[in-house]
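Here's the structure, in structure tokens; my notes come after.
We did not get these values from a lab; they are worked out from the coordinates using the rules stated. The shown structure was predicted, so the numbers you read here are calculated from the model rather than taken from an experiment. Here the Cβ positions follow ideal geometry from the backbone for every residue, glycine too, while neighbour counts run over all protein chains shown.
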Amino acid sequence: MKIRKAVFPAAGFGTRFLPATKAIPKEMLPLIDKPLIQYSVEEAKRSGLEEVIIVTGMGKTAIEDHFDISFELEMLLKERNKTDILRMVEELSNFIHFSYTRQKKPLGLGHAIHCAKNLVGMEPFAVFLSDDVIDAKTPVMKQMVNIFRQYPYSILAVQRVPKKDVHHYGIIEAKKIAPRVYKVIDMVEKPHSQDAPSNLAIIGRYILMPEIFTALEEIKPGKGGEIQLTDGLKALLKKQPVYAYEFEGDRYDAGDKLGFLKANVSFALKNSAINKEFRRYLKGLKL
Ligand code: UTP
């Protein structure tokens, strides 16, 4: 079965990044010169996906406008003969097929994914949380799509984190069944380090079976009245296997100030247009 559709939940309030995220979604914060969501949309395309479904909340227009045609801007760039920039802007609006749906209230990640039910239909699909920025030679979703061929059920991207940080993540209890592949036994949302079943943390890339929608309908709201994806996955686990895949790549939590800065520095150091000057600047800092 082919994974064709990618869901991008982007309706959270991004409270860790206020006031920057008061009027624009955190997915629109720029890493060097592209908003976070563009990196993950590019990852979706490079992984062979064909359709992008964005779940928006407030600040909806900023995301829609970003991936839409800007007639005035394209005219201006044409008049000024800025052909390279023009090509880049044109490519963006022709990039991939986009649809949008709205989460009226931020009732949790599980609820946001459920909002895409009608657009996804009854087929397995990918989910991208754009604030998890992953720098990888092979796009992480492509790695996961390859694993899906062999294990055609839900697959969670996981990464080992220091024990002291497990309380920031959903943590899996799992049995290793192949290199980098685990069969999930259970999972727990944000455990205390002494209660964590492992240090394998769930990161923002998923392949989900369509049965997740029924599972999300069956569960009750958890912490803070939110419909948690982890609870939905636990309900799904009772009906069918769920796998986890330890991806290859460097991940940054760009929804957090420090993670966002680290991502900017690493990406700047790899950007051939600015890295020489930036490296010189960093070396000159009296730390
Ligand atoms: P986070 O847990 O990072 O929450 O959401 P948040 O509200 O965006 O940010 P903080 O923690 O308050 O700073 C993870 C992903 O789920 C989406 C977010 O947009 C983000 O991509 N999300 C979360 C929704 O779409 N709707 C929700 O109700 C909650």
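Write down the Å³ per residue value for the convex hull defined by the alpha carbon atoms of region 82-180. Don't skip to the end; give the middle numbers.
Numbers: hull volume 19.4 nm³, N = 99.
It comes to 196 Å³ per residue, whole-number rounded.
Could you please report the charge total around residue 73, scoring K, R as +1 and D, E as -1 over all other residues with beta-carbon less than 12 angstrom from its beta-carbon?
Values: positive: 78, 80, 82; negative: 65, 68, 72, 74, 79, 90.
Residues close to residue 73 contribute a combined charge of -3.
At residue 70 and residue 83, where each label point lies 7 Å from the Cα along Cα→Cβ, what is the point-to-point distance in nanometres?
2.2
Tell me which trypsin sites (Lys or Arg not before Pro) from region 152-229 have a DSSP coil assignment and no more than 16 other beta carbons within 10 Å of their own. Numbers along the way, then the final one.
Numbers: sites: 160, 163, 164, 175, 176, 180, 183, 205, 223; in loops: 180.
Within region 152-229, the qualifying trypsin sites (Lys or Arg not before Pro) (loop, at most 16 other Cβ atoms within 10 Å) are 180.
Give the whole-number value, in cubic angstrom per residue, of the convex hull volume spanned by the C-alpha atoms of region 158-287.
Working: hull volume 20.7 nm³, N = 130.
So the per-residue Cα hull volume is 159 Å³.
Would you please give the residues with an amide H less than 5 Å from that of residue 170, counting only those at least 5 places away or on a separate chain, with H modeled from the backbone geometry?
Counting only residues 5 or more places away or on other chains, the set is 190, 202.
Can you check what the Kirkwood hydrodynamic radius comes to for region 1-150, Cα pairs only, in Å to one decimal? Each step should come with its number before you reach the end.
Numbers: mean 1/r = 0.0613 Å⁻¹.
Every distinct Cα pair counted, the radius reaches 16.3 Å.
From the cross-link list 34/286; 164/220; 60/104; 175/238; 2/117; 26/283, which pairs have alpha carbons spaced over 20 Å apart? Can you show the working numbers first?
Working: 34/286 29 Å; 164/220 29 Å; 60/104 11 Å; 175/238 16 Å; 2/117 18 Å; 26/283 30 Å.
Cα-Cα > 20 Å for 34/286; 164/220; 26/283; rest within.
Note down the net charge around residue 116, summing +1 for each Lys or Arg and -1 for each Asp or Glu among other residues with Cβ under 14 Å from its Cβ.
Working: positive: 4, 5, 102, 104, 117; negative: 51, 123, 217.
Cβ neighbours under 14 Å give a net charge of +2.
Which value results when the Cα radius of gyration for the chain is divided by 2.2 N^0.38 Å? Could the numbers behind the result be given before it?
Details: Rg = 19.4 Å, N = 287, 2.2 N^0.38 = 18.9 Å.
Ratio of Cα Rg to 2.2 N^0.38 Å: 1.03.
What's the extension gain from residue 248 to residue 22 if we count 0.36 nm per residue and subtract their Cα-Cα distance?
Values: separation 226, 0.36 × 226 = 81.36 nm, distance 3.36 nm.
Extending this stretch completely gives an extra 78.0 nm.
What is the sum of charges, Lys and Arg at +1 and Asp and Glu at -1, for the other residues whose Cβ falls under 10 Å from the Cβ of residue 246? Write out the running numbers ahead of the final one.
Numbers: positive: 160, 176, 180; negative: 248.
Every neighbour counted, the sum reads +2.
Treat every Asp and Glu Cβ in the chain as -1 and every Lys and Arg Cβ as +1, leave all other atoms uncharged, and give the resulting dipole magnitude about the Cα centre to the nearest 20 debye.
820
For region 1-103, which chymotrypsin sites (Phe, Trp or Tyr not before Pro) are both in a DSSP coil and crowded by at most 15 other Cβ atoms within 10 Å?
Passing sites in region 1-103 are 13, 95.
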